[in-house]
Amino acid sequence: MTPEYDLIVVGGGPAGSTAAAAVALRGHRVLLLERETFPRYQIGESLLPATVHGLCGILGVADEVAEAGFTVKRGGTMRWGRDPEPWQFSFAMTPRLPEPTATAFQVERSRFDEILLRHAARVGAEVREGSQVRRVVADEERVRGVEYTDADGNARTVYGRYVIDASGNTSRLHSGVGGTRVYSDFFRNLAVFGYFAGGRRLPEPNSGNIFCAAFDAGWLWYIPLRDDLTSVGAVISPEHNPAVQSDPRAAWRDLIRACPEVAELLDGVPVATEPPYDQVRVRKDWSYWKKFFWTPGMALVGDAACFVDPVLSSGVHLATYGALLAARAVNSALDGSVPEERGFAEFEARYRREYGVFYEFLIAFYDMERNEESYFWSAKKVTKVQSAEAVAFAELAGGLVSGDTAVLRPEGLGEHWGAAAAELDGAVERLATTDDRVNPLLSTRVVGDTFRTGNDLQEQALYGGPLDAGAPAAPGQLVASADGLGWDPAR
């Protein structure tokens, strides 16, 4: 069982490619095993600036992503809440980030993911596509490697000092990290989605924005990928499952017609016939997290570890951020600067916190929608969060979400989330009357918490570290190294 590699990464999506590149950039031996052959289709096309300008900048792939010609996204446009008119939010969250970094991209994931995968290979990771990992190899002390079937159908075993599971929500390996998946009842939804060969665009400068519109049955996303390609999906309650399973395409079209704001943008536009965009797909859009994100020798990142409702386009950010945190722990353990247990404890604490702030934001955001007569929306109120879920969330967050000790007490979460929802609702109402120089969303705690890590990542890429992080964010926390790829002991 002599390690052949310092790190074995399972899965070549954004999380896996991030982890592989971040460790290979430090000169370590990395093997990435991907079951498919790229390019391949994947949902999740709307990115956040933290990924585009932060994560990609740290990895050294930002220029290539910028030159790929993806649609520029300046923020989001929402038909959500009390105001019947759509409202906008901008990514221009802080004056410390120059204008070009206050944007993101709408991406075709087949192209974006391949850019990251090929970059990982260029910086030193060995990439083997068509390689299906079957199980981990472990003893009583730690995970030692994996067994997989290679592209020729041969069974192989490979050993490494560390394994990172980035194989997605269908991971076969996540059970090797103790603890079950905790599923959210509050966010237990269904997504049905497809593509149109074009579609009308919002007025400039917001033509590249994602448009999210609430309607009776749930909400719709509208993502302008290219002039001739638009991603449209409905997030609805599981009660619609029989109709969706019976005829997904018909159900999808019916849901679009039920939302006038989106239906108008698609009037007279044909559905896409270009593979792989010619299909209508269904996904159980169930939010979940693992009770633990690592065990000696292995860490979980991306959808193998956790998933949260997609309304804020947080999926790729959470996946790549978690992968970067895991890579920092691996790099620091390999070079001896930080003990393994300490580095991975930091990985888990920060990853839990980041998931927790998005979860908390989304509860407040859903509570803003006032369609009280709808079955979907009446269930999406702070008061409907079940006590078992509040207990599980308090265990996940451990008080890290806001520094508020109320988060440690499940009985205080209802009041805590209710206050966040009311504060967010008031800030959105003020958006209509404020000028472009003032963003009232920034004054809310829940928005500040949600975007703080993303801003730190962007500042890390631009300036070598967060501008206000001269000391750890909390007693005992580690500090990211200047290159963003490892941990420095707390000062």
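Quickly run through region 375-400 and pick out the residues that are surrounded by 17 or more Cβ atoms within 10 Å (Cβ to Cβ), assigned to a loop (DSSP other than H, G, I, E, B) and not basic (Lys, Arg).
Narrowing region 375-400 to residues surrounded by 17 or more Cβ atoms within 10 Å (Cβ to Cβ): 376-377, 380-382, 385, 389-390, 392-394, 396-397, 400.
Narrowing the set further to residues that are assigned to a loop (DSSP other than H, G, I, E, B) leaves 380-381, 385, 400.
Residues satisfying the conditions are Val385, Leu400.
Residues of region 286-320 that are part of a strand (DSSP E or B) and either farther than 24 Å from Gly454 by Cβ or touching a Pro at 6+ places or on another chain (Cβ under 7 Å) (or both): Trp286, Thr295, Met298. List the residue pairs whose Cβ atoms are under 9 Å apart, where the first residue sits in region 125-136 and is at positive phi, the second is of a type in the set (D, E, K, R), and the two are 6 or more positions apart or on different chains. Matching pairs, first to second residue: Gly130/Glu34; Gly130/Arg35; Gly130/Glu36; Gly130/Asp150; Gly130/Asp152.
Within region 314-352, take every residue that is hydroxyl-bearing (Ser, Thr, Tyr) and more than 14 Å from Trp487 (Cβ to Cβ) and give me the one that is modelled with the lowest pLDDT. Step through it out loud before you land on a result.
Going through region 314-352, the residues hydroxyl-bearing (Ser, Thr, Tyr) turn out to be 314, 320-321, 332, 337, 351.
Adding the requirement that they be more than 14 Å from Trp487 (Cβ to Cβ) leaves 314, 320-321.
Values: Ser314: 95, Thr320: 98, Tyr321: 98.
Looking at the filtered set, the residue picked out is Ser314.
Selection of first residues in region 80-95 that are more than 16 Å from Ala364 (Cβ to Cβ) and of second residues that are among the polar types (S, T, N, Q) and at pLDDT below 85, restricted to Cβ pairs under 7 Å at least 6 apart or on distinct chains, gives the following pairs, ordered by first then second residue: Ser90/Asn439. Taking the listed residues Ser131, Ser175, Ser171, Ser90, the one that is open to solvent by 20 Å² or more (accessible area, probe 1.4 Å), farther than 30 Å from Pro440 by Cβ and hydroxyl-bearing (Ser, Thr, Tyr) is Ser175, with no other qualifying.
Among the candidates Asp247, Asp185, Asp227, the residue that is loosely packed, with under 15 Cβ neighbours inside 10 Å, among the charged types (D, E, K, R) and modelled with pLDDT under 95 is uniquely Asp185. Within region 134-168, being out of contact with any Gly (no Cβ under 6 Å at 6 or more places or on another chain), open to solvent by 60 Å² or more (accessible area, probe 1.4 Å) and not in a strand (DSSP E or B) holds for Glu140, Glu141, Asp152, Asn154. Can you pull out every residue in region 329-345 that is open to solvent by 10 Å² or more (accessible area, probe 1.4 Å) and in contact with a Gly (Cβ under 6 Å, 6 or more places away or on another chain)? Ala333 - this is the single residue of region 329-345 that is open to solvent by 10 Å² or more (accessible area, probe 1.4 Å) and in contact with a Gly (Cβ under 6 Å, 6 or more places away or on another chain).
A quick yes/no check of all residues on (1) touching a Pro at 6+ places or on another chain (Cβ under 6 Å); (2) at pLDDT 85 or above; (3) within 22 Å of Gly315 (Cα to Cα):
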position	(1), (2), (3)
Arg452	no, yes, yes
Glu459	yes, yes, yes
Ala469	no, no, no
Ser481	no, yes, no
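Just one of the listed residues (Tyr183, Tyr159) is of a type in the set (Ser, Thr, Tyr), closer than 30 Å to Phe347 by Cα and touching a Ser or Thr at 6+ places or on another chain (Cβ under 7 Å), namely Tyr159. For region 427-450, a residue qualifies if it is at pLDDT below 85 and part of a loop (DSSP other than H, G, I, E, B), and the qualifying residues are Ala432, Thr433, Thr434, Asp435, Asp436, Arg437, Val438, Asn439. Just to be sure before I move on: is Phe344 touching a helix residue (DSSP H, G or I) at 6+ places or on another chain (Cβ under 6 Å) and in a helix (DSSP H, G or I) in the structure I sent? So Phe344 passes the test. Against the condition open to solvent by 30 Å² or more (accessible area, probe 1.4 Å), among the hydrophobic types (A, V, I, L, M, F, W, C) and not in a strand (DSSP E or B), how does Leu202 come out, does it pass? When the stated conditions are applied, Leu202 passes them. Here Phe112 meets each of (1) more than 27 Å from Met368 (Cβ to Cβ); (2) at pLDDT 90 or above; (3) more than 20 Å from the chain's Cα centre (by Cα) with one exception, condition (3).
Scanning region 47-76 for residues that are touching a Pro at 6+ places or on another chain (Cβ under 8 Å), modelled with pLDDT of 95 or more and closer than 25 Å to Ala364 by Cα gives a single hit, Thr51.
Within this structure, Ser237 fails the test of being closer than 30 Å to Ile8 by Cα, touching a residue at least 24 places away in the same chain (Cβ under 8 Å) and not aliphatic (A, V, I, L, M).
The values are calculated or read from the model by the stated rules, or taken from the named source; none is laboratory data. As the structure is a prediction and not an experimental result, all values here were calculated from the model. No Cβ is skipped: glycine too gets one built from the backbone with ideal geometry, and neighbour counts run over all protein chains shown. Only protein heavy atoms, including side chains, enter the accessible area calculation; ligands, DNA and RNA are left aside. Shrake-Rupley method; radii C 1.70, N 1.55, O 1.52, S 1.80 Å.
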